[in-house]
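Here's the structure, in structure tokens; my notes come after.
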Amino acid sequence: MNAVLLSVLVVPALGILAVGAGAWTGNRRLGAVLGTVFAGVGLFAAIALAADHSGAPWSRLTWEWVPQLGLDFDIGVDGVSYPLVLLSAFLTFLCCLYTVWKGAPGGREDQLIALLLATNLGMLGVFLSFNLVLFFVFFEIVLLPMFAIIAGWGGPARRHASVKFALYTLMGSLLLLVGIFVIVTQAGTGDIIELTASGGGGLSRGTQLLAFTLLAVGLAIKAPLWPLHSWLPDAHTEAPTVGSVILAGVLLKLGTYGLIRVAVGVAPEGAEQAAPTLAVLAVVAIIAAGLICLAQTELKRLIAYSSVGHMGFVLLGIATLTEAGLTAALIGNVAHGLITGLLFFLAGSVKDRAHTGELARLGGLREVAPGLSGLLGFAAIASLGLPGLAGFWGEAFAVYAAVQRDQTLWTVLAVVAAIGAALAAAYLLRMLRLVTHGPPGEAVAAMSGTRLRAVEVTSFVPLAVGVLAVGLLPFIVQAPIGAAVSGILQAISR
Amino acid sequence: MVQSIDHVALLPAYLAAGTAVLVLLADLLLARRAVTFAVAAIGAAATGAAAAWVASLGERETFCLPGGCSFVADGTGAVVAVVFSVLTLGVIGLSWPALRGDAEDPGAAPPTGEYLFLLACSLTGGVVLAYARDLITIIVALETLTLPLYALVGLRRKSVASAESAVNFLVVSVISSAVTLMGAALLYAVTGAVHLDQLRHNLGGPVTDVVPDYDPGAVDLPLTSVAVILVLVGIAFKIAAVPFHAWAPATYDGAPLPVAAYLSTASKLGGVFALLLIAVGGLRPALDRSGFLLAAVAVATMTVGNLAALRQTRMVRLLAFSSIAQAGYILAPLGVFAAAAGREQDVVDAAVTATLAYTVFYVVLELAAFAVVIAVRGSRQGGLIADYAGLARRSPVLAGAFVLALVGLAGLPPGMAGLFAKVTVVDALLEGEAVWLAVVVAVNAVIGLVYYVRVAGVLVRAPEGAVAAPGPRVPWPVALTLGAATVAGVVLGFAPQLVLTVTGG
């Protein structure tokens, strides 16, 4: 099993080298294809990780690295991380395939694929790390490749958006670093599993609150939690399609996964003290994002802001600190990754054809391009949380978990969050009305190539199938999560 | 009294001084640039090798009095001496284009013999400093390290900027030396000691077996506080720490590029090590006062350095302000001494280790950055940042090395060495429970990213006029230095424990 575990990280790295070799020999096309093949192999390795899921964790690999800093190369996989590992490998493969097949705006497909693989390497490393310092190292690895994707292939305002993304993210990760070392220096170990099992390594309540606050603020920037979200709309709007897909699909999950695994896991008493604050901010995010989305005039920006709302539900689930809440958060993570990944792919296809994302200039898409319009409708309805599709479970159970806490504050929060879900329905239906219904807008009427292309079908359908699968059979995600989540929560007395 | 002198312990210092003499002789007798160059390079390499060999023999002391020894060849000293030698070797390699001069104006190049002689003299100061353990030897060594640099900075012929920056540097440096000397004199007046061990003891530190009787209350005298502040302020000038930094950007910008590289690496290492020796070694009992000063200087240095770097348009000035900011990170771990929790022995050890380790990571990355600038510019000055536009097209390898060095200085992967440097500092700060200072470091690292990324962006951008000029021809000594520094940066990025182990003493 350890060979598979290691290969999940080694394969993307080899892919980057393959792209480099392609560029070195002057055969960039071959490099791009090889990179995509490696992304595919990486996906297989990720799938193979689940072959043996009996242990707790399923598998683990530990090498000493820098003992002076409490850093071990300590990776492993369990039910909490596995769905996200799979999601990351899956979306990266689709994005590489999309890039190599369809080409990238401005060319240099091989470089874009190398950067996607580098981002993937960092994200997988974050999900697999069982060591706090290693978690931070991988967290940092993600930053520059994603920055380069936005800065190199983004829209007209890419320079501003990419720098804003980099600065916010770096601020977050450095606060994370401080929080991590508050724990490592006090507890004398960076082993996440050990710290979780001992309920925070015997740290005092005050230290735990300090550590949790630093970790949570750092991770909340990534998630992003209102009011630290303002990097997100710019970055998502300006990024190329594959960049937006990876950003929304996986990158935001680094924040929420980190909150569960690291912040709640190693500072449980701190988490208990800070939970009400986190929950209030999460619910404010849901409502604020809903209201902002109602006023959006641009397609990608609307989807970007909707992410803030969806991640609000995930954060609410985490803040409840109950098994139902954390499970809901993890399912919500996966669901949001699939749905928003699909939405950004579709928005990219619409913008490619119509050359605009202005809602006022779109409209009537279902008459001109029924295939695209149908998928967009499907994704939007999944996003608003229709039962039977992936978006429902995470959000419904986050609200349920809040009600279950059975205290006035939590009940009020649950009610407000439910209203937020209704707002989500309102803005997504408004978007559908503006984009797909009505008479064809000027930009839509001028569209060429209205049929879905083979590359689009190949990239979009797996995501749509995933949305349907998680929606109809939520236990495929929930089953591995449940047991692992109770391990994280065992230190929280209730 | 007859002292026995341990010449083995002195071997690295002898070799460094011998190199200086040989360089001068080679230049005089053979007058071939390549030979002089080779003598200097071999001498610097031999010095480093000797320092490593002496360290393998165990700790050796010489020039000892009952109160302590002036010259101690211990592990930490060996690390510093080796780093000095390697940096000097690198700077010698980088000096090749400057010494060969411009094809159009060969007369403007600095004279090879004098240039390399001065560099070897400076190396001698650095090596002696590494082993010096009394106030007077430390100050003399530090002066030996700095004095040749006044001349080196001004050695570009026919250049007013070069002469100006030399005078500027000279005046500031002389004043700072005077301030340090004044502080040392006051310390001697208070304690009657110059050896660091005895100084620490006489100030009321932990009792060791050295001279037992002196006024144990000396540490509380107001005069002691004044002396501590004077000594530290004088050294802060050498490190170019804010508010004593104003000389650095102009001096770097006017000096020949390899001299600027030396100033921002070896010279800075000298200042930092002298500071560690005196503040933590000798003045350990006065850490409650110096700690506050060090914390304030560290915060001011990184903040001012980063903010000023944001506005720079000239490459060397940007690197100068960036190196000021980096000095702030170097000093940051010493800021833990401001709080009582930071003055416990293991925390002090961690802070010293972190400072030294950060310095080592930093000099490697900084040398790599300067190596790229020299590879691109040859014997010319650093020029505008805009002059580097399109480097990624003309010479992807150079641009890649530059980005790696800059990103490392920013503390981000793939510049893993820089990442671990920052991690080491934060670790040390939190050992001392200085959370506020760790957050200040974090905020500063974010500001720093802005200008590092800006430079990296310029490299990728197409140049104005879009003429696809071929990449610069890089002479092999520069290429070798650049390659070695880059490889060292990558290796230390994956094996930071190498640095942490040796600096951990």
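No value in this document is a laboratory result; all are computed from the given coordinates. The model shown is predicted, which means the values in this text are computed figures rather than measured ones. Here Cβ is always computed from backbone atoms with ideal geometry, including for glycine, and neighbour counts include all displayed protein chains.
Some observations on this one:
- The label point for B:A462 and the one for A:T411, both projected 7 Å from the Cα toward the Cβ, are 6.6 nm apart.
- Contact order relative to length of chain B, as percent, for alpha carbon pairs under 8 angstrom and 6 or more apart: 14
- Gap separating the Cα centres of the range A:246-298 and the range A:414-474, nearest whole Å: 23
- Percent of Cα pairs exceeding the 22 Å cut-off, where the set is the range A:8-146: 39
- Total formal charge among the other residues, if their Cβ is under 13 angstrom from that of A:M171, Lys/Arg +1 and Asp/Glu -1: +1
- Cα-Cα pairs of the range B:291-373 separated by more than 20 Å (percent): 39
- What you get for the range A:392-453, charging only the Cβ of Lys and Arg (+1) and of Asp and Glu (-1), is a dipole of about 260 debye around the Cα centre.
- Overall form of the range B:63-183 per C-alpha gyration tensor (a/c, 1.5; a/b vs b/c): oblate
- Calculated from backbone phi, Karplus (6.51, -1.76, 1.60) coupling profile of the range A:444-457 in Hz, x at Gly/Pro: 6, 4, 8, 5, 10, x, 7, 6, 5, 7, 4, 5, 5, 4
- Put a dot 7 Å past the Cα of B:V171, heading toward its Cβ, do the same for B:R311, and the two dots end up 2.2 nm apart.
- Taking only Cα atoms of the range B:20-77, radius of gyration then Dmax in Å: 16.3, 49
- Value of Rg to Rh for the range A:80-206 (Rh from inverse mean 1/r over Cα pairs, i.e. Kirkwood): 1.08
- Diffusion coefficient, µm² s⁻¹, Stokes-Einstein with Kirkwood Rh over alpha-carbon pairs of the range A:366-419 at 25 °C and 0.890 mPa s: 193
- Remark on the range B:249-314: hydrodynamic radius 13.9 angstrom, per the Kirkwood mean of 1/r across alpha carbon pairs.
- Across the cross-link table entries A:K102/A:K253; A:K253/A:K300; A:K300/B:K422; A:K164/B:K268, which are compared at the Cα atoms, the separations over 25 Å belong to A:K102/A:K253; A:K300/B:K422; A:K164/B:K268.
- Note that the range B:342-407 shows a convex hull volume over its alpha carbon atoms of 108 Å³ per residue.
- Scanning residues 5 or more positions from B:E433 or on other chains, none has an amide H under 5 Å from its amide H, with H placed 1.01 Å from N in the peptide plane.
- Taking amide H atoms as placed 1.01 Å from N in the peptide plane, the amide H of B:F71 lies under 5 Å from those of B:T62, B:R133, each 5 or more residues away in sequence or on another chain.
- Theoretical FRET efficiency, 1/(1+(r/R0)^6), r = Cβ-Cβ of A:A3 and A:R430, R0 35 Å, to 0.05: 0.10
- Shielding of peptide A:126-137 by partners, expressed as the average count of other chain Cβ atoms within 10 Å per residue Cβ, is 1.
- Cα-based shape type of the range A:179-258, given that a ≥ b ≥ c are square roots of the gyration tensor eigenvalues and the cut on a/c is 1.5: prolate
- For chain B, dividing the convex hull volume of the Cα atoms by the residue count gives 130 Å³ per residue.
- Between the listed residues A:A379, A:L362, A:L195, the Cα displaced farthest toward the positive end of the dipole of chain A, a dipole computed from Cβ unit charges relative to the Cα centre, is found at A:L362.
- Dipole of the range B:1-150 [Lys/Arg +1, Asp/Glu -1 at C-beta], most positive-end residue of B:L10, B:L118, B:A50: B:A50
- Each 5 Å bin from zero up to the one holding the largest Cα-Cα distance in the range A:80-152 carries the following percent of pairs: 3, 18, 24, 23, 16, 10, 4, 2.
- Cα-Cα P(r), the range A:415-465, percent of pairs per 5 Å interval: 5, 15, 12, 14, 20, 17, 9, 5, 2, 0
- Distance between modelled label sites at B:A49 and B:E114, nm, 7 Å Cα→Cβ extension: 3.2
- Whole-angstrom gap from the range B:141-198 to the range A:160-199, using each part's C-alpha centre: 42
- Across all Cα atoms of the range A:1-62, the radius of gyration (one decimal) and Dmax (whole number) stand at 14.3, 47 Å.
- Rounded to two decimals, the Cα-based Rg/Rh of the range B:276-415, with Kirkwood Rh, is 1.08.
- The alpha-carbon atoms of the range A:436-485 define a convex hull whose volume equals 136 cubic angstrom per residue.
- Each of A:S349, A:F136, B:L99 was scored by the projection of its Cα onto the charge dipole of the protein assembly as shown, and the greatest displacement toward the positive side belongs to A:S349; charges sit on the C-beta of Lys, Arg, Asp and Glu.
- Coupling constants for the range B:150-161 follow from the phi torsions by the Karplus curve (6.51 cos²θ - 1.76 cosθ + 1.60, θ = phi - 60°), and in residue order they are 4, 5, 4, 4, x, 7, 6, 5, 6, 10, 5, 4 Hz; glycine and proline get x.
- Residue mean of other protein chain beta carbons inside 10 Å, B:495-502: 3
- Helix-only CD estimate at 222 nm, as mean residue ellipticity for the protein assembly as shown, using -39500 (n - 2.57) per DSSP H run (n ≥ 4): -24000 deg cm²/dmol
- Stokes-Einstein diffusion of the range B:221-331 at 25 °C, 0.890 mPa s viscosity, Kirkwood radius from Cα pairs, rounded to a whole number: 173 µm²/s.
- Under the shape rule built on the C-alpha gyration tensor, where the axes satisfy a ≥ b ≥ c, the range B:377-505 is oblate, since a/c reaches at least 1.5 while a/b does not exceed b/c.
- When all alpha carbon pairs of the protein assembly as shown are counted in 10 Å bins from zero, the resulting P(r) reads 2, 11, 20, 21, 18, 13, 9, 4, 1, 0, 0 %.
- Summarising the amide proton neighbourhood of A:G190: residues at separation of 5 or more, or on other chains, whose placed amide H is nearer than 5 Å comprise an empty set.
- Relative intensity, log₁₀ I(q)/I(0), of chain A from a Debye sum that treats every alpha carbon as a point, q = 0.07, 0.12 Å⁻¹: -0.33, -1.01
- All distinct Cα pairs of the range A:210-339 go into the 1/r average, and the inverse of that average, the Kirkwood radius, is 14.4 Å.
- Stokes-Einstein translational diffusion, the range A:375-494 - Kirkwood Rh over all Cα pairs, 0.692 mPa s, 37 °C, in µm²/s: 190
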